[in-house]
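One structure below.
The values are calculated or read from the model by the stated rules, or taken from the named source; none is laboratory data. From a predicted model like this one, the values you see are computed outputs, not experimental measurements. Neighbour counts run over all protein chains shown; Cβ positions are idealised from the backbone, glycine included. Heavy atoms of the whole protein, side chains included, go into the accessibility calculation; ligands, DNA and RNA do not. Shrake-Rupley method; radii C 1.70, N 1.55, O 1.52, S 1.80 Å.
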Amino acid sequence: MPARVCCCCAALRPRYKRLVDNIFPEDPKDGLVKADMEKLTFYAVSAPEKLDRIGAYLAERLSRDVVRHRYGYVLIAMEALDQLLMACHSQSIKPFVESFLHMVAKLLESGEPKLQVLGTNSFVKFANIEEDTPSYHRRYDFFVSRFSAMCHSCDHDPETQTEIRIAGIRGIQGVVRKTVNDELRATIWEPQHMDKIVPSLLFNMQKIEDVDSRTGPPSSPTGGEKEENPALLAENCFRELLGRATYGNMNNAVRPVFAHLDHHKLWDPNEFAVSCFKIIMYSIQAQYSHHVIQEILGHLDACKKDSPRVRAGIIQVLLEAVAIAAKGSIGPTVLEVFNTLLKHLRISVDFELGDRRSSAGSATFSTSSKESDERIVQNAIIQTIGFFGSNLPDYQRSEIMMFIMGKVPVFGATSQSLDTSHLGDLGTRRIQIMLLRSLLMVTSGYKAMTITNALPAPFLDPLLSPSLMEDSELRQLVLEILHNLIDRHDNRAKLRGIRIIPDVSDLKIKRDKISRQDVSFMKKHGQQLYRHIYLGCKEEDNVQKNFELLYTSLALITIELANEEVVIDLIRLAIALQDVAIINEDNLPMFNRCGVMALVAAYLNFLSQMIAVPAFCQHVSKVIETRSLEASYFLPETIFKDKCNLPKSLEKHEKNLFFLTNKIAESLGGSGYSVERLSVPYVPQVTDEDRLSRRKSIVDTVSIQVDILPGNNTEDKIDNTEEITFEALKKAIDNNGLEEQEKEKRRLVIEKFQKAPFEEIAAQCETKANLLHDRLAQILELTIRPPPSPSGTMTITAGHAHYQSVPVYEMKFPDLF
């Protein structure tokens, strides 16, 4: 019971104190005296200048009652403060608010949970009041710290713990609402405040059981659920906080999330991390999405030396973030995302190969687990690149395709590709495969108006280079990428699997008339496509999938890009492939030879029905029917079975098993096709891509070297020469050993051109050409003017045949050359 004063003393007390004293009953259980409370409220409204004194006196009484543990009177005092606060709206309320906040702080500092909840409730009511003028001196540092501490309550009583945590979350929500509506709202976004608020909310969000409620846009739980569940309340507060973030303070709100996830090791497993960033991406304004993506990329760089599973968790979070951001504004971070991911792809491959090298020869089995973990990282990177790229607009996707293709390392080429010099051939191959897999995902669903837009020359040339490598997986990826870009009418699924199609019309192929741009593209790059298909069929490590993809490539070119001229070129290509299998200059295995024959049969069957020339269809059908009876291993339905009896040779087969050029020319000529070029065998163009791709050259390079040396050459050269006469030359030409020497020389030259770097070969050829030019100039000058003395001699060496020095004026150079 409060101390009572005598009547004389009470009359001398200020009126506001008497009014305050009257609202407290003798027994606190009776509660606030409402009649006296109305008098106090009327007095405060009538004399607002007294509000600060009323507040100070109430604060004095409350502090005294808190110390004496008279909690009943504490409740009455706070109720009175709340009513006064709600009733008075004027500039004079500012000093009163200071007293009010001082009392709330007293309650929050007490160790009694009920008082903490009481103080929080009062603060929340205060936070909902809109003040007429801003307060430039008021700060909420204490309340941020205190409410954050309440969010981490570990009271032994679960109900009390939940009650305190809910109070802390509601207090933080009140601070946020109060400060963002204030003119000085920037103070709440300072890092020292965000480092307390955000982890407190995330700590409570971890306790949620229903993960799905956090993964989408803001949910709308009922009021009872929000009040009783700390996790739901924390989630809604977190959404509200992020929704109020602006351009300048977005990073301060996001960075504490990374610190919390790192501290609690929530990247592996990363379900909570993914859900957090989904909340972030759905809550912030769309134009600020790139800020979050930049922060994720920066954290990925900071964690590049962490365990593979941690990095994989961060990359998966990035995937979810860009999946949401790609639907809106990405900002200037598109290339930054891809560049960072490609850099970490190289780092992951480096770690994988480093672990493999360091554990070579050891008896431990931890290496395989590390490698599998790195594979998880690499797959996550590929999925992120592919998903992000496939969701971009077409104009941005074409740029990303060029960007990724520029990063693919090609042997011997100097470009902006990823640095794989320290990874070796195995590491370079891994990078190539993963980048092409990423490119495959980016090109999925890409529909360009013209083929020139889909396959520009700066993109086509480096794309086709890996198709010449001696790696079947690389070649498969290149062909699949080509299919994505060429197939503009979604016909690829109908062509899946190499087979003899009885009626192509049943496939309901979609096609448009060939545009002028497509015709121009085939005139410019058609031979390049034919060449890579031709060489791809000649690889020894081809499997069934390679033949299926090559067949699909030919079919898609026919559908999308073929006019009459292209049809003739495709037939020439098919006949050339048939000759490859029959003649077998490349010593292909029998399976490959039969596979090529089956590929040609399947394609010509498709082509003949597409151009609908009856005589051509009849010839193709007759050959296929004959093969089914006499040589079924020439058909795809047989050769690609698990158990197929292969022939020992193809030389003894009759002509009726092969597609004949003269029959095809006769059938097409009758339908108006220009068949003159069918008589010209197809020969692929020769380029330097074989060198860049580390494959065998398709031509035998013959180098003729003529070294003309001066007469004062060394004695060992002179000893190996003989006198140049007509008889000697005739003898040298008729010499049987000369042919063997030339073959050996040709073999050495070819081997040199296959293995030596292109720059070295070019430099040597240029040097020898210059030397030969100088020597010939000297010789011609000597033929015109007499030599100063008959002793001037010259030695000529041609190949491995050396000739003895003779006087220059006795040599008949026109006859010799």
Computed lengthening from Leu660 to Ala302, 0.36 nm per intervening residue step minus Cα-Cα distance: 122.4 nm
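Between Lys17 and Gln618, what length comes free when the chain is fully extended (0.36 nm per residue of separation minus the Cα-Cα distance, one decimal in nm)? Walk me through the numbers on the way to the answer.
On the way: separation 601, 0.36 × 601 = 216.36 nm, distance 11.49 nm.
So the extension gain works out to 204.9 nm.
Note down the net charge around Ser110, summing +1 for each Lys or Arg and -1 for each Asp or Glu among other residues with Cβ under 15 Å from its Cβ.
Values: positive: Arg64, Arg68, Arg70, Lys106, Lys114, Arg146; negative: Asp65, Glu109, Glu112, Asp155, Glu163.
The answer is +1.
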Binned at 5 Å from 0, what are the whole-percent values of the Cα-Cα distance distribution for the range 23-182, short to long? 1, 9, 18, 20, 21, 15, 10, 4, 1, 0
In nm, to one decimal, how far is the Thr160 label point from the Asp541 one, both placed 7 Å along Cα→Cβ? 7.1
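Net charge within 13 Å of Lys510 by Cβ-Cβ distance, Lys/Arg positive one each and Asp/Glu negative one each, not counting Lys510 itself? Before the final figure, lay out the partial values.
Working: positive: Lys447, Arg488, Arg492, Lys494, Lys508, Arg511, Lys513; negative: Asp487, Asp490, Asp512, Glu560.
Summing Lys/Arg as +1 and Asp/Glu as -1 gives +3.
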Can you pull the one-decimal nm distance between simple spin-label points at Asn645 and Gln685, each 7 Å off the Cα toward Cβ? 4.6
Calculated FRET efficiency for the pair Cys765/Tyr247, C-beta based, R₀ 60 Å, to 0.05: 0.50
Per-residue counts of other Cβ atoms within 10 Å, averaged by peptide: what ranking do you get for 19-31, 117-129, highest first? 117-129, 19-31
To the nearest 10 Å², what's Arg488's accessible area with a 1.4 Å probe? 40
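Using a 1.4 angstrom probe on the protein heavy atoms only, could you order Lys265, Lys407 from most to least accessible area?
Listed by decreasing accessible area, they come as Lys265, Lys407.
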Label-point separation in nm, Asp82 to Ile611, each point 7 Å along Cα→Cβ: 9.0
Ordered by residue, what ³J(HN,Hα) values in Hz, to whole numbers, does the range 618-635 give under the Karplus form 6.51 cos²θ - 1.76 cosθ + 1.60, where θ = phi - 60° and Gly and Pro are x? 5, 5, 5, 5, 5, 5, 5, 5, 5, 5, 4, 8, 10, 8, 5, 6, 8, 10
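Just list whichever of Lys265/Lys305; Lys510/Lys663; Lys447/Lys538 have alpha carbons separated by over 19 Å in the model shown. Don't jump to the answer; show the numbers that get you there.
Details: Lys265/Lys305 15 Å; Lys510/Lys663 30 Å; Lys447/Lys538 31 Å.
Over 19 Å Cα-Cα: Lys510/Lys663; Lys447/Lys538.
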Given a Förster distance of 51 Å, the FRET efficiency implied by the Cβ-Cβ spacing of Glu676 and Gln396, rounded to the nearest 0.05, works out to 0.65
Based on Cα positions only, what radius of gyration and what Dmax would you give for the range 438-537, in angstroms? 14.2, 40
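Tell me, in nm to one decimal, what length is gained between Asp503 and Thr187 on full extension, where the rule is 0.36 nm per residue of separation less the Cα-Cα distance?
Numbers: separation 316, 0.36 × 316 = 113.76 nm, distance 7.45 nm.
Computed gain between Asp503 and Thr187 is 106.3 nm.
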